[in-house]
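Notes to accompany the following structure.
The values are calculated or read from the model by the stated rules, or taken from the named source; none is laboratory data. Please read these numbers as outputs of a predicted model, since none were measured by experiment. Cβ atoms come from the backbone with ideal geometry, glycine included; neighbour counts cover every protein chain shown. Areas reflect the complete protein model, heavy atoms only, side chains present, ligands, DNA and RNA absent. Shrake-Rupley method; radii C 1.70, N 1.55, O 1.52, S 1.80 Å.
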Amino acid sequence: MKRIKAGFVLLSNSLDLMPSTRIAVFNMFPYLTAANIDPHVVFDPARGNEIPTVDGLAEQLIAEKFDVIVFQKVHGPSVENLVRELCGAGIKTVYSVCDLVDVAMATATDATLVVTDYLKHQYPPALLSKIHTVHDGIEQPLIKKTEWSSLRGTRRNKLRAILITSAHLDRLPIIVTPPSWLELTIVGRYTPDMVLFQRFRSGVGTVMRQKTSAARTECLRFLTSPNIRRVTWSPDVAYSEMCRADIGIIPIDTNPEHCPEAAAPFWKVKSENRLTMKMCVGLPVVATPIPSYEPIIKQGVNGFLARTALDWKQSLEELRDPAVRRGVGENARETVIDNYSMSAQAASLIDVLNHIMIEKCGLEDGRSRSKWPSPPGW
C-alpha cells in the first residue's frame, strides 16, 4: 500500500505551540504514522498568525510530491491562492478549523474539519458533505482524581473549584463572586506574581477600563474577592489544580445574543475541550449551556448546565454533598474517556484523509477506523 505523504501548514510556531496546534496537529502525528500516513510540517510561522503569507510554497510542495496538505486554522488571500495552486497540481487539501466558519476555505478545499457538530451545521447545506467533525482529543486520559473531600463546604473549611481559561479574566461571568463556602482557582493567561504596587496599579487600570458602572463594580468585586486565586497557565499546573479541586466550573458570557440572520457569536462556536478535560479528570462540572456542551451533559447525572445566577446557585448547592460530587464526577469520566479520546479523534481524521485519497492513491474504499493501528506504546 502506498504511504500517504501529508504536509501541515501550522497556525503557531512548533517551538511555541498554541493549544489548538498541539491538539489538532502534533498530538495526531503518532497515530497518523501508525496508519501509514507520513506527516511533515511544511510551514512553521515565526509566531501565531491566522492570515499568513505563503506565497511561493506551492512549487516546493509540488516538487516534494505531497499527496495532501492540511491547513491548520490559517486562511486569507495568500492561503486561498495556495489551495488553488495545489488543487491544479492534483494535491488534495484539508482545512482544519476550531472556532470560526470560513465558507471560502471550505469551498476551495477537498474537506474541512470542525470540532463540533454545531459548527458543522453553520456551513451552507451545499457544503455539508465536505465538512467533518473531529473533536479535540483529551490529552492526559490517565490523570484523574484519586481523593475526594468529605467536606460540605463552610466559611472555615471551603471546597475548591477550578476554572481553566485561555483568557485573562477580569470578572467572573454570571456568578460574579463565589459563595462564601467555595474557593475558586482560575488557571489562565496571567503573568507570574508582580510586586504589590504593580498589581494594585494594574487592577485600578482594569477597573477603570470597564464601560459601565455595573461592569466596574463586578470587576472590582472579582479583583478583591478573598475567595478567588489566579495562577499562570501551564499544562502541569492545569492538571495538578484539577486533581486538587472538588468542582469544575465553566461560566460563559453569552453576550452578544445570536441574531438568526447573523453569524454565530464566538461563545456559540467554542469547542467542548475545557468541559471534557475536566470531566475526564473526574470532576463534577457546572457549565453554561452552549451548543458543544449540551449533547454531553445529562443534568444531575454527569454534570450540570446552569444558565442564570439562580441556576448556578442551585447546582453548586447540590454539589456540596460529597456523595453527589463523587458520583457525578465518576459518571463524567465514564462519559468522555472513550468518545473524546485522542485515539478516537485520530481515527476520525484518518478516515477523512483516507476518503479524499481513495481516487488519488488507489486506496480501497470502505476501510473502517477499527483497522487503523494505535501508535506504539499507546
| field | Listed residues P178, P289, P192, most fluctuating in the chain (Gaussian network, C-alpha, under 10 Å) | value | P192
| request: Could you pull out every one of the aspartates and glutamates with an alpha carbon less than 17 Å from that of K268, ignoring same-chain neighbours closer than 8 positions? | output: D99, D102, D117, D136, D253, E257, E294
| Can you give the alpha-carbon Rg of the stretch 230-316 over 2.2 N^0.38 Å, where N counts its residues? | 1.16
| said: Restricting things to Cα coordinates, could you compute the convex hull volume per residue of the stretch 74-157 in Å³? | reply: 180 Å³
| said: Can you compute the helix-only [θ] at 222 nm over the chain? Use -39500 (n - 2.57) per DSSP H run of at least 4 residues, normalise by all residues, nearest 500 deg cm²/dmol. | reply: -9500 deg cm²/dmol
| Rg/Rh for the stretch 221-272, where both radii come from Cα atoms and Rh is the Kirkwood radius | 1.10
| query | Not counting the cut sites, what is the longest span of the chain without trypsin sites (Lys or Arg not before Pro) that DSSP labels loop and that have at most 10 other Cβ atoms within 10 Å? | reply | 212-378
| message | Can you give me the accessible area per residue for the chain, using a 1.4 Å probe, in Å²? | response | 49 Å²
| note | the stretch 222-241 scanned against label point 7 Å out from R155 along Cα→C-beta; backbone N under 17 Å for 225-228
| request: Assuming a ≥ b ≥ c are the square roots of the Cα gyration tensor eigenvalues, decide whether the stretch 124-174 counts as rounded (a/c under 1.5), prolate (otherwise, with a/b larger than b/c) or oblate. | output: prolate
| note | In Å, the Kirkwood estimate of hydrodynamic radius for the chain over Cα pairs equals 22.5 Å
| task | Among the GluC sites (Glu not before Pro) in the stretch 90-199, which ones are in a DSSP loop with at most 10 other Cβ atoms within 10 Å of the Cβ? Mind listing them? | result | E147
| What percent do you get for the relative contact order of the chain when only Cα pairs under 8 Å and 6+ apart count? | 17 percent
| Reachable lysines from K2, Cα under 20 Å, same-chain residues fewer than 8 places away excluded? | K65, K92, K360, K371
| task | List the lysines whose Cα lies under 21 Å from the Cα of K144, skipping any in the same chain that are fewer than 8 positions away. | result | K278, K298
| query | Considering the stretch 1-122, what Rg and Dmax in Å follow from its alpha-carbon atoms? | reply | 13.6, 38
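Restricting to DSSP loop positions (anything but H, G, I, E, B) with no more than 10 other Cβ atoms inside 10 Å of their own Cβ, which GluC sites (Glu not before Pro) remain in the stretch 239-285?
Qualifying residues, ordered by number: E257, E261.
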| said: Could you tell me how many cubic angstrom of Cα convex hull volume the stretch 312-353 has per residue? | reply: 74 Å³
